[in-house]
Amino acid sequence: MTRPCAFYICFNFQVILVGSLIPWAALNVIFIKLWIYMVRVDPSAQGGVVVRSGQSCSTHYCSICRKTVTGFDHHCQWLSTCISLRNYLQFYLLCVVGAVLYFLQTVIGLLAIAYWETDSNGSSFNASPEGRSLWILSSLFDCIIGVCFSSLVGFHTYLICKGMGTYDYVIKAYENRNTTVL
Ligand SMILES: [Zn+2]
C-alpha cells in the first residue's frame, strides 16, 4: 500500500472513531440510567406502560422478590428484580440500547484494529501485539454481549407481537412438551 493511500485510510478511521464516540457516550448514559431505574424501581408498584394485550390482568407472586407483582413477566437474575407492568417498557428499551451499544463497541474495536493495521509508522496508541490482542478480545466480548441483547430483543418482540408474557410462554412450552411426551 502506498503511503498517501495508507494515510488516507488512517485519517478516515480516526474520523470515524472520533465520530462514533459521541453516540457511544450517549448510549452509555442511557444504558446506565435504564439499568439504575430497573434496579431501583419497585416492580410491584402501581403504574407502568401496557406494551401487550392483557398485560395488566396477570398477577403473580414472585418467591424470590417475595412480592405480588401486577403484569408479571419473569424474574431477571441479572437485574435481580421482577420484570412487570411497572418496568417492562424500560427493560425492553434496556435490551435495545444494550444491543446497539455493544454492536457499536464491536465496530469501534474493529476500526481500531484496522487502524492499527494501516498505521505504517507504528505510532498509534494500540500499535503493539498486546494492544492488538486486547482490542480483538474486547471486540469479541462486545460482539457476544451484543448477540445476547439482540436475542432478548428478538424474543421479547416476538412475545409482544403474540400478546404473550415470558411466564405464559414458559408455561405453554412446558405444557406442550408434557403433551408431546404423553
Ligand atoms: Zn422477582
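The values are calculated or read from the model by the stated rules, or taken from the named source; none is laboratory data. Values in this document were obtained by computation on a predicted structure and should not be read as measured data. Heads up, the Cβs are rebuilt from the backbone with ideal geometry, glycines too, and the neighbour counts pull from every protein chain shown.
Check whether at least one residue in the stretch 91-109 is buried (at least 21 other Cβ atoms within 10 Å of the Cβ), under 15 Å from GLY48 (Cβ atoms) and either basic (Lys, Arg) or within 16 Å of the ligand (Cβ to nearest atom) (or both), and report yes or no. Yes, because at least one residue in the stretch 91-109 is buried (at least 21 other Cβ atoms within 10 Å of the Cβ), under 15 Å from GLY48 (Cβ atoms) and either basic (Lys, Arg) or within 16 Å of the ligand (Cβ to nearest atom) (or both).
Any residue at all in the stretch 53-60 that's assigned to a strand (DSSP E or B) and modelled with pLDDT of 85 or more? Yes: one or more hits. The residue that is nearest to the chain's Cα centre (by Cα), among those in the stretch 46-77 that are surrounded by fewer than 18 Cβ atoms within 10 Å (Cβ to Cβ) and polar (S, T, N, Q), is GLN77.
Where residues in the stretch 18-68 are farther than 22 Å from GLY163 by Cβ and among the hydroxyl-bearing types (Ser, Thr, Tyr), which of them is farthest from the ligand (Cβ to nearest atom)? Restricting to residues being farther than 22 Å from GLY163 by Cβ and among the hydroxyl-bearing types (Ser, Thr, Tyr), the top hit is SER20.
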